[in-house]
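To keep things clear, I will list the structure first and then write my remarks on it.
The values are calculated or read from the model by the stated rules, or taken from the named source; none is laboratory data. This structure is a prediction, so every number in the text was calculated from the model and none was measured. Note that each Cβ is placed from the backbone with ideal geometry, even for glycine, and that neighbours are counted across all protein chains shown.
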Amino acid sequence: MTNNQQQTTNNKQQFCFSILALGAKYQLLAKEFAKDLEKHSPETTVVVGTDNPQAFQDCSQVLAFKLDRKGIFHCYHDKRFVIEQALTKFPVVIQIDADTRIIGSLPESMNNQVSPEEDYQKPNLSTDALAAVHIENLVEHVQKYNPERLNHLRKLAAKLEIDLDTVTYIGESLFAVLANGDKTVEFIQQWDAIARYLELHGIHGGSGNGIGLAAAKVGLEIIQPSWLEEINQVRHHIDASRLKSRKTLGNKLKRRIGYHYRLNKERIIAIKDFNFYYH
């Protein structure tokens, strides 16, 4: 860890942001986000999972840790590792994409609003929860955008012993995990298995489906609190994944080698639970 990562987290701060920043492009974007945070919410920390923690050594609000890419073809599901790490330091983790700018002040009362000891603006809710801005029925979402994935998702839901028609799709560019018990640990574990299953069956995008399935499996309450919508109102999502970057022959070769390495690694892990992943 770099010097700024060795700082002690502010005990008064109940929440942090988490960002996945793999590759130089996303590291630069994450640093821009950190600058925005320094301007609009100087007491707030952002935990960054990155393949180059040294890139953030001058960012006082960043807790960066080493994270190599795990996803076979894309890294959308790798956000789970950053959230998992952030939950060891903060009870509330707000996942936000690296290609996001904060264009206004966060709510002054935010720290109190997101406290896991509060009721999340819903009566008698004192357990773990998943907060989201964009939610919809997962089946309807998939039928609208990726109907070819539905058969695999139904088979996976049957293995998880959940009714796919009742599962909620979670918009993955901004959501929060609120830890007040043990369900968040199980949620990350289930997301890990679900992500591996989907990727081994050729479904590399749509992490919001995996998040929704994991939440349904562990019975994680899904809420839409006003504080998260207030964050949504002061963010601008660039969607850098649509911006094409120049690919050299060397980079293409490196990507191909990395793809096969990650694929074979996930296959080896999956063999330990062959019936779940392949039967």
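The table that follows gives values for the structure above.
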| quantity | calculated |
| --- | --- |
| Tally, over the stretch 198-221, of residues that are crowded, with 17+ Cβ neighbours inside 10 Å and in contact with a strand residue (DSSP E or B) (Cβ under 8 Å, 6 or more places away or on another chain) | 7 |
| Given (1) closer than 21 Å to Asn209 by Cβ; (2) modelled with pLDDT under 95, number of the condition Pro42 does not satisfy | (1) |
| Test result for Glu186, assigned to a helix (DSSP H, G or I) and surrounded by fewer than 20 Cβ atoms within 10 Å (Cβ to Cβ) | yes |
| Ala195 vs. criteria out of contact with any helix residue (DSSP H, G or I) (no Cβ under 6 Å at 6 or more places or on another chain) and crowded, with 17+ Cβ neighbours inside 10 Å | no |
| Considering residues of the stretch 152-183 that are in a helix (DSSP H, G or I) and aliphatic (A, V, I, L, M) only, the residue nearest to Ala30 (Cα to Cα) | Leu153 |
| Residue identified as of a type outside the set (D, E, K, R) and without any contact (Cβ under 8 Å) to a residue 60 or more places away in the chain among Gln233, Gln190 | Gln190 |
| The stretch 152-169 residues that are of a type in the set (Asp, Glu), paired with ones that are modelled with pLDDT of 95 or more (beta carbon under 6 Å, 6 or more apart) | Asp165/Val139 |
